[in-house]
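The values are calculated or read from the model by the stated rules, or taken from the named source; none is laboratory data. Computed from a predicted model, the values in this text were never measured in an experiment. Quick reminder, even Gly has a Cβ in these numbers, built from the backbone with ideal geometry, and neighbours come from all protein chains shown. The protein model used for the area step is the full one, side chains on, heavy atoms only, and it has no ligands, DNA or RNA in it. Shrake-Rupley method; radii C 1.70, N 1.55, O 1.52, S 1.80 Å.
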Amino acid sequence: MGEIKVSPDYNWFRSTVPLKKIIVDDDDSKIWSLYDAGPRNIRCPLIFLPPVSGTADVFFRQILALTGWGYRVIAVHLFGASLGGFLAQKFAEYTHTSPRVHSLILCNSFSDTSIFNQTWTANSFWLMPSFMLKKIVLGNFSSGPVDPLMADAIDFMVDRLESLGQSELASRLTLNCQNSYVEPHKIRDIPVTIMDVFDQSALSTEAKEEMYKLYPNARRAHLKTGGNFPYLCRSAEVNLYVQIHLLQFHGTKYAAIDPSMVSAEELEVQKGSLSVSQEEQ
């Protein structure tokens, strides 16, 4: 059993933050599962969208840390990883005439599904058995030597992948691979932070460069290492970058944090600590 799944933090999260299920279809066939944590008086929460292989609890380290600092985490500020980041961009794009999204944090994400070169197979995922779909997803996981924290993150994500059924995987892979791209001119006024890693991940250098071109004014949050799942194995750095991104909304109606919990001085100290730790690496 993976270290993360049996860790005290994960067990504390599962025992204290209830999993909510929301029916989103008339025949009860489609259900959203989510964790809603933090002050209920916050009207502009931060929403995390997982990658193809993930479930809502893959962000448990962000939920625990950010709610402890006064943020409400559940659509106003969106954090999306991989496919979650692509969907966050598309949601912002589709609602641009009546804005629902006020900022985006895109972690190891992409803007055009053609980078995976599987648009021709997108319509056939529904016909494939579950084990074959899981094999496709696992093909993007790191297979070489990694540090213990990254290995634990991969083990946890494999466990989460095993919990997904055929229909869930087929729909996610279809979204990930069907021909689609982001129209940046529709969301050019939304504050964006692009978070990526310098070591191996499922995204090519070309895909990352395309994101930089798409959002020339975006803030960039680079992690020296972290692989495909930095929010699990480099959670302290990811959490800090999320705080820095949300700092611009403090004191406004779009703040995702309880005003009584705001401590800009503490955040500056944390930023300084992160800079020092990165220079030492």
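Summary table
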{"quantity": "Of the chymotrypsin sites (Phe, Trp or Tyr not before Pro) in the stretch 187-253, those whose Cβ has at most 12 other Cβ within 10 Å and which sit in DSSP loop", "calculated": "F198"}
{"quantity": "Surface accessible to a 1.4 Å probe, T119 within the full protein complex, Å²", "calculated": "60 Å²"}
{"quantity": "Equivalent-ellipsoid semi-axes of the chain, from the Cα gyration tensor, Å, largest first", "calculated": "27, 22, 21"}
{"quantity": "Cβ charges +1 (Lys, Arg) and -1 (Asp, Glu), total dipole of the stretch 85-217, debye", "calculated": "440 debye"}
{"quantity": "Dipole magnitude of the stretch 98-162, debye to nearest 20 (Cβ charges: Lys/Arg +1, Asp/Glu -1, about Cα centre)", "calculated": "300 debye"}
{"quantity": "Computed helical MRE - 222 nm, the chain, DSSP H runs ≥ 4 contributing -39500 (n - 2.57), nearest 500", "calculated": "-11500 deg cm²/dmol"}
{"quantity": "Sulfur and carbon atoms: percent of accessible area, the stretch 1-147 [1.4 Å]", "calculated": "57 percent"}
{"quantity": "Nearest-10 value in Å² for the accessible area of V146, using the 1.4 Å probe", "calculated": "60 Å²"}
{"quantity": "Sparsely packed trypsin sites (Lys or Arg not before Pro) within the stretch 85-189, loop by DSSP, other Cβ within 10 Å at most 15", "calculated": "R100, R188"}
{"quantity": "The stretch 17-121, Cα convex hull volume normalised per residue, Å³", "calculated": "142 Å³"}
{"quantity": "Charged-residue dipole, Cβ positions (Lys, Arg, Asp, Glu), the chain about Cα centre, Debye nearest 20", "calculated": "540 debye"}
{"quantity": "Rounded to 5, the percent of DSSP beta bridges in the chain classed as antiparallel", "calculated": "30 percent"}
{"quantity": "Cα-only radius of gyration and Dmax that characterise the stretch 71-169, units Å", "calculated": "16.1, 47"}
